[in-house]
Amino acid sequence: MFGIVLIFVRIPNGSLIYSILGLLIFAGLTMFDFQRLRRSKNIDSAPLLAASIFLDALNVFLFFLRIFSRGN
């Protein structure tokens, strides 16, 4: 929701706030998915959980790039 608001409203440092919130959300999702993988007894769900962890880690990396980029 915050990203949609940023499209229409100019908020000072809004992009930084958006990146930090996204980083926190996806870091939490990564931890949650690792716990689900650890507790899972079904081997058939492992590829989907691994894909979910990969996508979470990719999003964390992308939000780090947004935070530390030199652009506007």
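The values are calculated or read from the model by the stated rules, or taken from the named source; none is laboratory data. Everything numeric here is computed off the predicted structure, so don't read it as measured data. Here the Cβ positions follow ideal geometry from the backbone for every residue, glycine too, while neighbour counts run over all protein chains shown. For accessibility, only protein heavy atoms count, side chains too; no ligands or nucleic acids. Shrake-Rupley method; radii C 1.70, N 1.55, O 1.52, S 1.80 Å.
Points to keep in mind about this one:
- On the basis of the beta-carbon distance and an R0 of 22 Å, L48 and I20 show a calculated FRET efficiency of 0.20.
- Probe 1.4 Å, accessible area per residue of the chain, Å²: 82 Å²
- Just the protein heavy atoms count here, and of the accessible area of the stretch 1-54 at 1.4 Å, carbon and sulfur take up 73 percent.
- Taking every C-alpha pair closer than 8 Å and separated by at least 6 residues, the mean separation divided by the residue count of the chain gives a relative contact order of 40 percent.
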